[in-house]
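A.B. asks: Here's a structure for you.
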Amino acid sequence: MNTPRPPALRRRLHGLCTRIWPDALLGSMVVLALLPACTALQGILRAVMLWGVVALACNSRRVLLACLLPAVMLMPGALYYISISGVPPGYPLWLILFYCSLPVVKGYIGPVLPYLCAWMVLWGALVALYCLRPRGPVVRWRSRTRLACMGVLLAGIVVPTVRLWQSLPPTRGGTENPMVPIHARFDRAWPWSVLTGYAAARRETRRVSEMASRISHEPVHVLAPPPATPQVVVLVIGESARRDHQHLYGYAVPTTPEMEQVPGLVRFDNMVTPFDYTVGAVPVILSGYDRLLPGAVPGHDLISVFNAAGFDTWWISNHPRLGPYDSVIGAYSEQAHHIAYTTVHGGIMSSPVLDERMLPVLDGAIAGARGPVLIVLHLFGSHENAADRYPAAFSHVGTPYDNSIAYTDHMLAHVQAGLAAHGGPAVMFYVSDHGVRVSECTAGIPAHGDVRAAYAVPFYFWASPAWQAARPRAMQAARDNTHVPFTLAAMPASVLDAAGLDYQGADMGLSALSAHPDRPRRIVHGDSAANQSVDYDHSHDDGRCHITRD
């Protein structure tokens, strides 16, 4: 037979629970508010510190509950976002929202909206009932004690953040956003990641708008009008593809089976990129601007020049439109008449999206060409993680990195076939922005890094029969220059040369279609101050897989 507990024991247990856990609803909301921060220990610690400051500042359980309510209401959405991207909502999500239309945003939240609304109504009602009567302070400490604790918590938050701000390197001509590393300190600390992410994203959009406006207002003086015959010029910018992993250049694995069958393809075997990362390399491809080369100044970009010459211009990209590694490129893309970012419109930026999603847009641009057209196609190519960059049909070529190279080969063959089917004068350029470490100091996992082979990139040129008939000397020059040492700085002049264009200030002597192209020193930039400017033709890798001077 069960013996009932004495009333005195029940009173003592009730009193103990009341002292230790005075408010079950408040405690539950604290746990729910902190749950999305549990992706990392630093996220939990910083979220707890910030909530501690709020609790001590207001020292009212009702006010604290009201502050917790938005974080609890949005908690299911935060967990859903974490399941997709691995981190709580913050900077990347704001960038998506700033550049997505309302129907796209509705598409994101539509499937979970009814459940989210029910969740919000439930917690809104609970909090309303809770706040109907006074609930007392959070802590019954003296003011001095409470202020001292607040000071300690604030010092633990503010001092490291200020030190980080002071240690940030110069912004290198506006190519970095200093709010991004600040946000990185709080990117796991939900819901504070939403606030710091908003600040970083708003600064990013403003910075890109200023860059795009500055580019668009620079006058372009075209010296040679385009040929009377309409033509289509396609520049394909690859991603993270090394030349020594292409079968076209002698690699043992058959990674380029389709482009090898293209008649008349010219492959240049001595192209070097000055950077081992996209944000440095793509501006060189588009404008010849090497931001780390002493004395270099930004020049006109290809899209602005083609606009001034009367071309219809397209930018089709599978990269994010904004971000610490994409915003500078996005400023160039804003100059195009037609802009299509398939990753942004397809979902969360960090989700892998196959490059083939761009093909319907590309095919429409080629089929709809009625006059001179420039199309820039920016692939995601072999970007890490390489295993996410190709469909199952390409999973048996070799390593994941080789599979991604073969998939890019398939993409290029599709572009070339579309141009050939369109007929008339047409050219296609393909160059990769940089390579990666494939096996050098990476335990076999491809990753960005300044190993020497990462600077040697593939460079193709294809021209239609109609273009070759109109420009036989340029075509012969391209064939004669296949072994000439080039850098990405040759790309603007080469694309302009293929279109028959020139503008005041252009260095057309760098063109790969020139009979006697210039051969400047090939300076490349490593990832540290010690190897920031290295003569590629007099360099080697050190024992830690970094390019260095001979």
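A.B. asks: Where does each of 460, 249 land when they are ranked from fewest to most other beta-carbon atoms within 10 angstrom?
C.D. replies: Details: 460 22, 249 16.
The most exposed by this proxy come first: 249, 460.
A.B. asks: Using 1/(1 + (r/R0)^6) with R0 = 51 angstrom and r between the beta carbons of residue 132 and residue 38, what's the FRET efficiency to the nearest 0.05?
C.D. replies: E(calc), rounded to 0.05, equals 0.95.
A.B. asks: So if we plug the beta-carbon distance of residue 483 and residue 443 into 1/(1 + (r/R0)^6) with R0 = 35 Å, what FRET efficiency do we get, rounded to 0.05?
C.D. replies: According to the calculation, E is roughly 0.50.
A.B. asks: Between Rg and the Kirkwood Rh of region 224-549, both from Cα atoms, what is the Rg to Rh ratio?
C.D. replies: So for region 224-549, dividing Rg by the Kirkwood Rh gives 0.93.
A.B. asks: For the pair residue 97/residue 142, report the inter-label distance in nm, with labels modelled 7 Å from Cα in the Cβ direction.
C.D. replies: The two pseudo-label positions are separated by 4.4 nm.
A.B. asks: In which sequence would 405, 182 go, from the one with the fewest C-beta neighbours within 10 Å to the one with the most?
C.D. replies: Starting with the residue having the fewest Cβ neighbours, the order is 182, 405.
A.B. asks: Measuring from a point 7 Å past the Cα of residue 468 along Cα-to-C-beta, which residues in region 248-289 have an amide N at less than 17 Å?
C.D. replies: Answer for this model: 259-268.
A.B. asks: Dividing the Cα convex hull volume of the chain by residue count, how many Å³ per residue is that? Write down the numbers at each step before the final one.
C.D. replies: Working: hull volume 116.4 nm³, N = 550.
Value for the chain: 212 Å³ per residue.
A.B. asks: Evaluate the Debye formula for region 380-539 with equal point scatterers sitting on the alpha carbons, no solvent, and hand back log10 of I(q)/I(0) at q = 0.10, 0.13, 0.19 Å⁻¹, in q order, two decimals.
C.D. replies: Cα-only, vacuum Debye calculation for region 380-539: -0.47, -0.78, -1.23.
A.B. asks: While we're on this one: Taking only complete DSSP H runs, can you tell me which helices of the chain stretch 18 Å or more along their own long axis by Cα positions and average at least 1.0 on the Kyte-Doolittle scale?
C.D. replies: 41-58, 113-130
A.B. asks: While we're here: How would you rank 518, 290, going from fewest to most other Cβ atoms within 10 Å of each one's own Cβ? Show your work: numbers first, answer last.
C.D. replies: Details: 518 15, 290 22.
Listing 518, 290 from fewest to most nearby Cβ atoms yields 518, 290.
A.B. asks: What is the packing order of peptides 535-548, 478-491, taking the mean over residues of other C-beta atoms within 10 Å and listing the highest first?
C.D. replies: Highest to lowest by the protection proxy: 478-491, 535-548.
Every read-out reported here was derived from the displayed coordinates using simple, explicitly stated rules and does not represent laboratory data. Treat the numbers as computed from the prediction; the structure is a model and nothing was measured. In this analysis, Cβ positions are derived from the backbone assuming ideal geometry, glycine residues included, and neighbour counts consider all displayed protein chains.
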